[in-house]
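Have a look at the structure below before the remarks.
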Amino acid sequence: MPPRISIQPSLKALTRTISGQSPALLSKANSPTLRAASTQAKSPRKADFFMIAQARQRKAANISRQTALQAEREASLGNPVENKPTSFIQNIQAVQNGSQLSSASGLNYYLKSNELGSALEFSRDLTEPLQNPDPNTADPQHEKEAADHHQQSHINAKDAIQRIVNLNNGNTKDRLRLNVQKCIEEFGRHSTDSYLPPKPASVNQISGLAHPEKAPRVGRDTGSPEVQVAILTVKIMNLSRHLETANKDKHNKRNLQLLVHKRQKLLQYVRRKERGGPRWQNLMDTLGLSEAAWKGEIAL
């Protein structure tokens, strides 16, 4: 007869393994020595309330100190959007807000005060009534009435033209155009070259090639980086003033971010090319910009 094999112990082990309760694991889990060791390791730390309070105080002090240091750093850098109240910035803001605008502040439609005055005088001379050269046939009363009527008509026409070209009756686009003209006249190299000294000289390189002399500038400068920075600053001021009352305008908020980052790149370029010279200092001082406008990462 073949030998008999007992299968009961193996079946019991198999059922325990399938159900997830291995005998070895059950013996370790039910072991009193492991539970006692884990309890002894954790109980002193949980029971020491004084150490826990000290740790919480240190954490709170570190967080408050980090917050204070971050605020000091941001205050030292300044605001990347706002400008310091310089005379040039105040003139720009006066034109944007439309407060106390006169012929001295500027006229609409690319007109100037002297050009408008000469044109009005020329029109008055053209429309002046002719006098009778023969005093015997002339009527002094008729000539006086004609002269008075012409003078009144000229005053009415002058008043109408002044109202038409006044910026108080213009829109935001007209005021932006006038501010762009002011930026070109203030920062264009056709005017700044006359009173700003040149930038610091670089290190002379013997092996370097001699650069040819630049041709003299003809006309007004409208494309130099200083002019572009000034124009971007005017647009940033216009958008920031608009977003003060329209805080849900997401489209213009993104446009403001694009303009600020574009100005940052131009400022970094001017600083690198001018080596922090007088042109850079004049640009920063006149526009009232802080280091936050070009330094570090700008997040609005």
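The values are calculated or read from the model by the stated rules, or taken from the named source; none is laboratory data. Being a predicted model, the structure only gives us computed values, none of them experimental. Neighbour counts run over all protein chains shown; Cβ positions are idealised from the backbone, glycine included. Remember, those area values only see protein heavy atoms, side chains included, never the ligands or the DNA or RNA. Shrake-Rupley method; radii C 1.70, N 1.55, O 1.52, S 1.80 Å.
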Notebook entry, point to check: For Pro197, all conditions in the list (1) more than 21 Å from Val227 (Cβ to Cβ); (2) open to solvent by 60 Å² or more (accessible area, probe 1.4 Å); (3) in a loop (DSSP other than H, G, I, E, B) hold save one; what is the number of the exception?
Noted result: (1)
Next item on the list: From Glu291, Glu244, Glu297, Glu274, grab the single residue that is more than 21 Å from Pro198 (Cβ to Cβ), among the acidic types (Asp, Glu) and touching a residue at least 24 places away in the same chain (Cβ under 8 Å).
Entry: Glu291
Check: Where residues in region 214-234 are aliphatic (A, V, I, L, M) and within 30 Å of Leu178 (Cβ to Cβ), which of them is modelled with the lowest pLDDT?
Finding: Val218
Next item on the list: Quick one: Gln96 ticks every box in (1) more than 30 Å from Glu297 (Cβ to Cβ); (2) modelled with pLDDT under 90; (3) of a type outside the set (Val, Ile, Thr) except a single one, so which number is it?
Entry: (1)
Check: Within the group His150, His211, His142, which residue is modelled with pLDDT of 90 or more and not aliphatic (A, V, I, L, M)?
Finding: His150
Checklist line | region 66-93, residues that are of a type in the set (Lys, Arg) and at pLDDT 90 or above | finding: Lys84
Next item on the list: Among what's in region 225-259 and is open to solvent by 80 Å² or more (accessible area, probe 1.4 Å) and not in a helix (DSSP H, G or I), pick the residue that is nearest to Ile89 (Cα to Cα).
Entry: Glu244
Margin query: Against the definition (among the basic types (Lys, Arg), without any contact (Cβ under 8 Å) to a residue 24 or more places away in the chain and either open to solvent by 70 Å² or more (accessible area, probe 1.4 Å) or within 13 Å of Asn79 (Cβ to Cβ) (or both)), how does Lys262 come out, yes or no?
Written below: no
Checklist line | Which numbered condition Leu289 fails, given (1) part of a helix (DSSP H, G or I); (2) closer than 16 Å to Val227 by Cα | finding: (1)
Margin query: Of the residues Gly188, Gly117, only one is more than 28 Å from Val227 (Cβ to Cβ) and within 44 Å of the chain's Cα centre (by Cα); which?
Written below: Gly117
Note to self: Can you confirm whether Ser191 is over 20 Å from Phe88 (Cβ atoms) and hydroxyl-bearing (Ser, Thr, Tyr)?
What the structure shows: no
